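Computed from the coordinates by the stated procedures, all read-outs in this text should not be read as laboratory data. Here the structure is a predicted model, which means the values were calculated and not measured. FYI the Cβ positions are ideal-geometry reconstructions off the backbone, even for glycines, and counts take in every protein chain you see.
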Amino acid sequence: MLSFSRTRSPGRNTSPLAGGMDYLEPKRKSNVLGRLILIVSLTALCITMLKNAPSFTSPTSFSRSQEGVTHVLVTGGAGYIGSHAALRLLKDSYRVTIVDNLSRGNLGAVKVLQGLFPEAGRLQFIYADLGDAKAVILHIPKILLYEVDKIFSENAFDAVMHFAAVAYVGESTLDPLKYYHNITSNTLVVLEAVARHKVKKFIYSSTCATYGEPDKMPIVEVTPQVPINPYGKAKKMAEDMILDFSKNSDMAVMILRYFNVIGSDPEGRLGEAPKPELREHGRISGACFDAARGVIPGLQVKGTDYKTGDGTCVRDYIDVTDLVDAHVKALEKAKPRNVGIYNVGTGKGRSVKEFVEACKKATGVDIQVDFLPRRPGDYAEVYSDPAKILRDLNWSARFTNLQESLEVAWKWQKSHPHGYASS
């Protein structure tokens with residue numbers, strides 16, 4: 001028969017009642033209890049810190065509705081047209097949130113607006129992308145929706161003005177997928193957020209490019225939409241989505257199809273400053289100014305054999321000040337469960353040659369002009385019939401002198417030779 005004795009270890013209880021199990025002494029119990037208290041305390045501290053983090057802050061003026069104040073989200077608000085729209089809204093006492101990824105827009109424009117309206121609760125800027133291809137590549141598309149949805153969940157928007165988009169016809173023919181993603185897909189993301197958060201009004205920045213090359217002029221809102229380039233096609237797809245959604249929604253919708261935008265803020269605070277790498281795709285006004293400043297050797301006019309008076313394309317040039325005025329009128333007149341579609345133009349077509357001559361006079365520079373073959377995706381003649389927008393919204397273009405609009409824009413260009421970096 002084997003026999004053995006158990007050695008008594010310090011801190012152990014070897015009572016027969018132990019049943020072979022060791023029990024902790026009271027001192028050990030107190031140590032564990034202390035640790036538990038410490039863990040609970042640290043957890044409580046972490047929760048408190050999280051609650052005090054930015055995403056848990058108490059409601060701000062942007063995150064809550066305020067009677068008598070309309071909060072407008074301006075997507076692409078750092079861009080040429082979007083920044084001018086934000087300026088007008090702020091002047092009219094709207095509350096404005098700008099969302100922009102700055103791929104085409106300028107932080108300098110936002111800083112100008114912040115300097116003009118520094119009061120709390122007037123303007124905020126959110127650096128964000130409405131669409132990110134990397135999210136799709138990583139197979140986590142919910143990140144994209146979450147980021148946009150987060151913007152909407154943390155802000156009480158009464159209306160959205162959706163300007164954010166790439167917008168060069170020539171570039172769209174070279175990189176069509178960029179345009180379908182940036183315009184059509186991103187508009188869907190915004191529209192889904194608008195629907196989830198029950199935003200009351202949606203103003204969509206569209207284009208006459210959705211009409212393509214109609215058989216007769218001027219263009220009216222019921223002119224068939226047969227776009228001939230990816231830019232126009234992408235915009236029409238976005239319009240179709242908006243119209244289909246609106247059939248079963250209480251949201252008020254306005255779609256503004258505008259023509260060729262020129263000019264700048266009459267008081268010289270904002271202007272057009274495209275990225276240098278985009279000059280070759282930019283508006284004709286930007287090319288004229290670059291030629292007048294010597295940034296490029298001359299102006300290239302593409303296409304002189306169109307069936308127009310002088311062989312060059314004919315366009316309807318609308319001053320940006322008039323354009324943003326139309327957006328504000330649309331915002332004011334938008335009605336629940338209704339869709340308004342309007343052309344925004346002067347109703348008068350001007351040829352490219354006429355435009356160049358006006359630019360020469362506005363800048364005082366005899367710009368060298370080279371005439372080249374047509375550019376893919378262009379159309380011969382496009383100008384609007386603005387009768388409907390006059391009748392419904394009491395809007396008509398006021399700044400219709402082409403040379404004067406270019407003079408205003410040229411003044412800003414001269415004082416900002418390096419864009420907003422000159423400010």
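Hey, how much of the P(r) for region 87-134 falls beyond 18 Å, as a percent of Cα pairs?
Working: 357 of 1128 pairs.
Tail of the P(r) past 18 Å holds 32 percent of the pairs.
When the Karplus curve 6.51 cos²θ - 1.76 cosθ + 1.60 is applied with θ = phi - 60°, which whole-Hz ³J(HN,Hα) does each residue of region 324-334 get, with x for Gly and Pro?
Along region 324-334, the couplings run 5, 5, 5, 5, 5, 4, 5, 4, 5, 8, 4 Hz.
Dividing the convex hull volume of the alpha carbon atoms of region 294-423 by its residue count, what do you get in Å³ per residue? Don't skip to the answer; put the middle values down first.
Working: hull volume 20.3 nm³, N = 130.
Convex hull of Cα atoms, per residue: 156 Å³.
Taking the Cα centre of each part, how many Å lie between region 68-114 and region 159-188?
Taking the Cα centre of each part, region 68-114 and region 159-188 sit 19 Å apart.
Past 20 Å, Cα to Cα, is the threshold; run Lys235/Lys335; Lys111/Lys275; Lys216/Lys348; Lys302/Lys360; Lys198/Lys335 against it and keep the listed order. Don't jump to the answer; show the numbers that get you there.
Working: Lys235/Lys335 23 Å; Lys111/Lys275 17 Å; Lys216/Lys348 14 Å; Lys302/Lys360 18 Å; Lys198/Lys335 14 Å.
Beyond 20 Å: Lys235/Lys335.
With θ taken as phi - 60° and the coefficients 6.51, -1.76 and 1.60, list the Karplus ³J(HN,Hα) couplings across region 181-189 in order, rounded to whole Hz; mark glycine and proline as x.
After applying 6.51 cos²θ - 1.76 cosθ + 1.60, I find 6, 5, 8, 6, 5, 5, 5, 4, 4 Hz.
Can you list residues whose amide H is under 5 Å from Thr207's amide H, if they're 5+ apart or on another chain and H is modeled 1.01 Å from N?
Tyr258
If I take every Cα pair under 8 Å that is 6 or more residues apart in region 67-422, average their sequence separation and divide by the length, what percent do I get for the relative contact order?
Details: 694 pairs, mean separation 65.2, N = 356.
About 18 percent, as a whole number.
Please say if region 57-136 is rounded, prolate or oblate, where rounded means a/c under 1.5 for a ≥ b ≥ c the square roots of the C-alpha gyration tensor eigenvalues, and otherwise the choice is prolate for a/b larger than b/c and oblate otherwise?
In terms of gyration-tensor shape, oblate.
Sort the following peptides by mean Cβ neighbour count (other Cβ atoms within 10 Å, averaged over residues), highest first: 294-300, 186-192.
Details: 294-300: 14.3, 186-192: 21.0.
Output ranking for 294-300, 186-192: 186-192, 294-300.
Can you give me the long-range amide H partners of Lys348? Hydrogens built in the peptide plane at 1.01 Å from N, cutoff under 5 Å, separation of 5 or more residues or another chain.
Ser384
Using only the Cα atoms of region 67-422, each taken as one equal point scatterer with no solvent, compute I(q) by the Debye sum, divide by I(0), and report log10 of the ratio at q = 0.08, 0.11, 0.14 Å⁻¹.
-0.37, -0.72, -1.21
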